[in-house]
Amino acid sequence: MKALKEKLEEKIEAYRPRVKTLLQEHGEKVINEVTVQQVIGGMRGIKSLVTDISYLDPYEGIRYRGYTLPEVFEKLPKPAGREMPYVEGLFYLLLTGEIPTMEEVDDLIYTSVNRRQLPKYVYEVIDAFPNHSHPMAILSAAVMSMQRESIFNIKYQRGMDKKDYWKPTYEDALNLVSKMPVIGAYIYNKLYRGESNVYHDPTMDFGGNFAHMMGKDEPYDDVSRMYFIIHADHESGNVSAHTGHLIASSLSDVYYAISGMINGLAGPLHGLANQEVLRWIQALRTNMGGKVPSEKEMEKFVWDTLNGGQVVPGYGHAVLRKTDPRYQIQRDFCLTHLPDDELFKYVDILYKVVPPILKEQGKAKNPWPNVDAQSGVVQWYYGVTQYDYYTVLFSIGRALGVLANIVWDRALGYPIERPKSITTDMLEQMVGIK
Ligand code: HAX
C-alpha cells in the first residue's frame, strides 16, 4: 500500500502537464461572457474559479470528485456496525479522487490521531474569551492562534522550491484537520457543559471521537460522520470555500486561510443559516405554546417573516435549483431515526408550505430548502440544543474540503487571486448611458 502523501505526489505530477497545456495552448480562448447584472450581483455564476475537488450542478447537487452524495455514502468504508462512513475516507477521496480501501483509511486514522493534541495556549485563548462570545468567533481565534505552528511558513522562510509548496501545506492541512474536532468539542464543553477538560480517544475515528468528546452516545457518532461529510465542500465559489482559497492564494498558510473561512461561514446568509433556522422555529414554537402548527398557521408565520422584510432561513440558494441533496440525506436520517420528533414535524410542514409561498412571492430564484433547513433538527434531537454552536460543526466539516483545495492550489501553482474592479461611471459608459 502506498502512503497517502506518496499517492498524492504521483497524482500531482500527472496533473501538472494538463494545467500547463490549458494555459500555454488555450490561454486566450474565451469561455465566458459577463453581464452588468453579474458584476453588480456578487459575481453570480461567472465561471472564474477552478477546482477538481467538487462540482455543484444546479439540479443534481454536489458531486465530490465525481461522486454524488448517495454514492459517497454507499462507497466509502464504514466502521463495523455503523451506518455512516469514516470521515477520514472522505478526506482521502477529496485529496486523491480515489475511494480508499479500509487499509488506506486505517493508515490515515493512525496518522491523524497522532496530530490531534492541541498546544496548551489554544485552551488559554479559548478560556480568555469573555462570556457570551459567539462560538464562531472563538473557533476562528483558536485556529488563528496556531499560526505559529505552520510548517509551510517555516520552510518558506528558509527558502523552498515552488514545486514543493504543497508538501508542507499537506502537513499543515493534516495537522489542522485533525485538531479541528478537538477545538470544537472543547468550545462546546466549556461554553455549555461547564467542563474544561476534553480528552480524545486515540482508538476512535474522527466522527466517533468527536461524539465521545461531546459526551454523546451512539448514534451521535454517525450523526457527526454524516454532518461532517455533507458539509465538506460545495465547489469553490461559496463564501467560505472562496475565502479560504483567496487567502491561501497569497501564500498565507492554512491557519490564516481556515480562520478566514470560518469568518465567512459565520454570516446568516451562509453557514449561520443553520442557527437562524432553529432560532426562527423556536420563535414560532413559543408563539404556538409548544403545539405543532397547522399548515395554515405555518403559512401565516412564513408570510409574516417575508412581509417583515426578512428571508426565510434554510430556503433558497445561489446555485441550486432543486431540493438540496444534503437536506434530503438528513431528512432520510430523520425519517428513520426520529420520525415523531416535534421539531422534525415543524420542518416537514415547512417543506410543504415554504416553496409555494416563495414561488408566489416571486423573488427567490430557488424556492427549495438548502442544507441548513434540516441540520439543526438532528442536532437538537441528540441534545445539542445550543443552536449558536451549529455553525462550528459546519466549520469542522467545511475545513476538509477547503484544506484539500488549498493543497491542490499549491500543487498546481495557482497564482495569487486578483480580479479587476471598475467604477459605476465606467459601467455607465460601457452600456452607453454616458
Ligand atoms: N427568503 C426570502 N427571500 C429570499 C430567499 C429566502 N429564503 N432566498 C432568496 N430571496 C430573495 C433574495 O433576498 C433576493 O431579494 P432582493 O431582490 O430583494 O435582494 C431575491 O430573492 C433573489 O435572490 P436569489 O437570486 O434567489 O438568491 P441569492 O443568490 O441572491 O442568495 C441566498 C442566495 C442563499 C443568500 C438566499 O437564498 C437566502 O438569503 N436564503 C436564506 C438564508 C439561507 O438559507 N442561507 C443558506 C444558504 C445555503 C448555504 O450557503 N449554507 O451555508
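Every number here is computed from the coordinates shown, using simple stated rules; none is lab data. Please read these numbers as outputs of a predicted model, since none were measured by experiment. Methodologically, a virtual Cβ is constructed for each residue, glycine included, from the backbone with ideal geometry; neighbour enumeration extends over all protein chains shown.
Observations on the model:
- Checking every one of the GluC sites (Glu not before Pro) in region 97-162 against DSSP loop status and a limit of 16 other Cβ atoms within 10 Å picks out E98.
- The residue list C334, V378, G401 was ranked by how far each Cα lies along the charge dipole of region 295-434 toward its positive end, using unit charges on Cβ atoms, and G401 comes out on top.
- Highest mobility in the GNM of the chain, judged by mean-square fluctuation with C-alpha springs under 10 Å and restricted to G314, G208, G362, is found for G362.
- Most mobile listed residue (G376, G308, G184) in the chain, GNM with C-alpha springs under 10 Å: G308
- The chain: Cα Rg divided by the 2.2 N^0.38 Å rule of thumb: 1.00
- Listed residues G42, G271, G97, most fluctuating in the chain (Gaussian network, C-alpha, under 10 Å): G42
- Listed peptides 400-411, 283-294 by packing density, highest first (mean Cβ within 10 Å): 400-411, 283-294
- In summary, the helical segments of the chain meeting the span-like criteria, namely a full DSSP H run, a Cα extent along the axis of 27 angstrom or more and a mean Kyte-Doolittle hydropathy of at least -0.5, are 166-192, 342-361, 390-411.
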